[in-house]
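The values are calculated or read from the model by the stated rules, or taken from the named source; none is laboratory data. This structure is a prediction, so every number in the text was calculated from the model and none was measured. Quick reminder, even Gly has a Cβ in these numbers, built from the backbone with ideal geometry, and neighbours come from all protein chains shown. Only protein heavy atoms, including side chains, enter the accessible area calculation; ligands, DNA and RNA are left aside. Shrake-Rupley method; radii C 1.70, N 1.55, O 1.52, S 1.80 Å.
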Amino acid sequence: MGSGALALDQSFEKPGGFDDWGRQLQYFVQGNELGFRRSYALVIGISRFEHFSTLPTASDPIRMKDFLLDEAGFDYVHLLTEEDVTPQRVNQLMVDDFRQRVGPEDRMVFYWSGHGHTQLDRLGGRLGYLPVAAAKPSQLSQMISMKNLTDWDSHIKAKQVLYLLDSCFSGFAGTVSKSSTRDITLAQMARPSRHIITAGTYEQETIATERIAGSVFTYAVLEAIRGSADTESGRFDRDGLVTVNEIEDYVKKRVKQLADAAGWRRPITPQVWDMGANDGEFFFVSTNRKQETLAMQGGQFVGMEYGIPKSSDGRAIRPVHMGQDPETGDEWAFDEQSLFLQAVLTSSSVGLERYLANFPDSDYSDLARNAYRTLDFVGGRPRDDADTDTLFWESIRASVLPAEFQLYLDLFPGGAYRDLAKARLSALERAEEVQEFLLGGQPMATHARLRLDALNKADELPLEFVQYGLIALGYPIDDPAGVMTSQTRRAARAYQASVGAEQTGVLTPWQRVDVVLKAAQIGDDHAETAAGIMMAEGMGLPKNETLARKWLERAARKGNGYAQANLAILYRDGRGGDADSERARTLLQQAVDQDIPGAGDLLETL
């Protein structure tokens, strides 16, 4: 794998029209009050060395770059790989480029994938180095030292910096971080910080396997940030945020699991280091939190784009805000509509007062004031007011949440829309999926109807795709050949146990789709191919050829021949974008070179 890796020196920037990282926070947690603006990253990876062993980690920097841009919503990422990595080039990027780009309200991630090297000084102390592709073990001048890292950091004005070093070595200018229990507020978390996370120490070796197409450390870190580290088990709360300490806590356990599965008997011990005093703690908003926020607002998740979850119906996600409970003083997150629903559901004026205190000029503030003015202090609920009735109905009429229609009936038992609300509630409670029903006397095919139609075709998804998805998620299957084996059933039961479902060993249509999408999100090229085909054909997911192209492009760049062949068809036919016969021909030739069935016949027709 490493031998075919390309040397890259390229920058990637979030396009215009997307909010910067600091503003995106308001969609999931408290945002602009934290004082953050943009997030930057320098992603470096070397898998091919002249004097050190080759590592099967060529995909890791690509995977990290894709994650930071697409899922984490970083604003600017520079990718530097293989022989293009030199001490001089990294110094130029840190001292000249990032020094000028990164401001005091920004954040930065420095990621390194490659070998580590430890040298003893004359007093027996350990000095840590990061070798570049051409460096010899004796040529410390051709390596990056921890002193270099400290010097570069002094030039970076960022409020927070995280160094992720997927290497094993020792010799830091920092100190081992004292683990916390995360008993801090979000505002405290956002204070200045400098942390280093390393894969292991000098006597250990980086563990990388072909099965996960890279390093177990990077694999586990990405799992952690996507949400696996954000659990209520252990020492931390589940709050949609993943901090440095949560990453360390999860990665140590997960690396051991993956190392044991790969048959490694020499463990590695990920470690967090502090670079000076840290008042805050670097954090990520988990991908799971972003998906959950979209789902709460009635959207159907189909992928990430520059930090924002995309819905199958194209709906825009609404901001989430952080407020304070006036009775307890606790901070809690909500979006405007959710807080309004909570406000009108309260049996006193407290909820409406709370809403108006947080949103004096919002979309619902006039309605809240009207409800507050007409509050029935005997029953504790707003009176049935015609204007309030209509405004409230308009706020929920397109919802797919049963609780919102039940709330309408509770608040307005004699409301003008009670029959429609009862019909919607009955339909939603009668089936797992939204059915087609009447709005205002006119039939309406909702996005949920399309989703149901697509889901009915999920059984057409080749079992081989699902098997590769299970493997990518850490459930072993030795021979993913599209045949239902006892090992496949065991893997399916393990997955079902992980999501709290009945352990039948046979995945439901929704579970099949979930496995493929989760595996695609962590960068498995087979799953990315499957996701692209599903969206191109409306198989398990609503048809969306534009997103299909995106998933297939990601897999094709990793050399997946089936992705190349299917992407070629989209380019040939102009599906999901402009037609491009030359691009289609190039992709089909790449697929032919990998003996993909049918690719040769398609190529002859161009």
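Ile44 meets all of the listed conditions (1) of a type in the set (A, V, I, L, M); (2) closer than 26 Å to Ser138 by Cβ; (3) open to solvent by 20 Å² or more (accessible area, probe 1.4 Å) but one, namely (3). Within region 480-500, residues that are under 17 Å from Ala527 (Cβ atoms) and open to solvent by less than 70 Å² (accessible area, probe 1.4 Å) reach partners that are of a type in the set (Gly, Ala, Ser) and part of a loop (DSSP other than H, G, I, E, B) with beta carbons closer than 6 Å, at six or more positions or on different chains, in the pairs Ala492/Gly505.
Among the residues of region 133-151, those that are under 16 Å from Leu93 (Cα atoms), of a type outside the set (Ser, Thr, Tyr) and open to solvent by 10 Å² or more (accessible area, probe 1.4 Å) comprise Asn148, Asp151. Take the residues in region 66-92 that are within 21 Å of Ala134 (Cα to Cα) and acidic (Asp, Glu), then tell me which one is surrounded by the fewest Cβ atoms within 10 Å (Cβ to Cβ). Checking each candidate, the answer is Glu83.
If you go through region 50-58 one residue at a time, do you hit one that is of a type in the set (Phe, Trp, Tyr), closer than 18 Å to Ala199 by Cβ, surrounded by fewer than 24 Cβ atoms within 10 Å (Cβ to Cβ) and touching a residue at least 12 places away in the same chain (Cβ under 8 Å)? Scanning region 50-58 turns up at least one residue that is of a type in the set (Phe, Trp, Tyr), closer than 18 Å to Ala199 by Cβ, surrounded by fewer than 24 Cβ atoms within 10 Å (Cβ to Cβ) and touching a residue at least 12 places away in the same chain (Cβ under 8 Å).
Among the residues of region 565-585, those identified as part of a helix (DSSP H, G or I) and surrounded by 15 or more Cβ atoms within 10 Å (Cβ to Cβ) are Ala565, Asn566, Leu567, Ala568, Ile569, Leu570, Tyr571, Arg572, Arg583, Ala584, Arg585.
Filtered by the rule that a residue be assigned to a helix (DSSP H, G or I) and over 15 Å from Lys518 (Cβ atoms), region 530-551 gives Gly532, Ile533, Met535, Ala536, Glu537, Glu545, Thr546, Leu547, Ala548, Arg549, Lys550. Within this structure, Leu473 fails the test of being surrounded by 16 or more Cβ atoms within 10 Å (Cβ to Cβ) and more than 21 Å from Ala229 (Cβ to Cβ). Output the residues belonging to region 112-132 that are assigned to a loop (DSSP other than H, G, I, E, B) and either modelled with pLDDT under 70 or loosely packed, with under 15 Cβ neighbours inside 10 Å (or both). Answer for region 112-132, where residues must be assigned to a loop (DSSP other than H, G, I, E, B) and either modelled with pLDDT under 70 or loosely packed, with under 15 Cβ neighbours inside 10 Å (or both): Asp121, Arg122, Leu123, Gly124, Gly125. Residues of region 508-523 that are open to solvent by less than 30 Å² (accessible area, probe 1.4 Å) and not in a helix (DSSP H, G or I): Ile522, Gly523. State whether the residues of region 100-118 include one that is closer than 17 Å to Val43 by Cβ, hydrophobic (A, V, I, L, M, F, W, C) and in contact with an Asp or Glu (Cβ under 8 Å, 6 or more places away or on another chain). Within region 100-118, one or more residues are closer than 17 Å to Val43 by Cβ, hydrophobic (A, V, I, L, M, F, W, C) and in contact with an Asp or Glu (Cβ under 8 Å, 6 or more places away or on another chain). The sole residue among Val255, Val221, Val242 that is modelled with pLDDT under 85 and either open to solvent by less than 20 Å² (accessible area, probe 1.4 Å) or part of a helix (DSSP H, G or I) (or both) is Val255. Among the residues of region 93-104, those identified as open to solvent by 10 Å² or more (accessible area, probe 1.4 Å) and over 26 Å from the mean Cα position of the chain (by Cα) are Val95, Asp96, Asp97, Arg99, Gln100. Scanning region 270-308 for residues that are open to solvent by 30 Å² or more (accessible area, probe 1.4 Å) and assigned to a loop (DSSP other than H, G, I, E, B) yields Met275, Gly276, Ala277, Asn278, Asp279, Tyr306.
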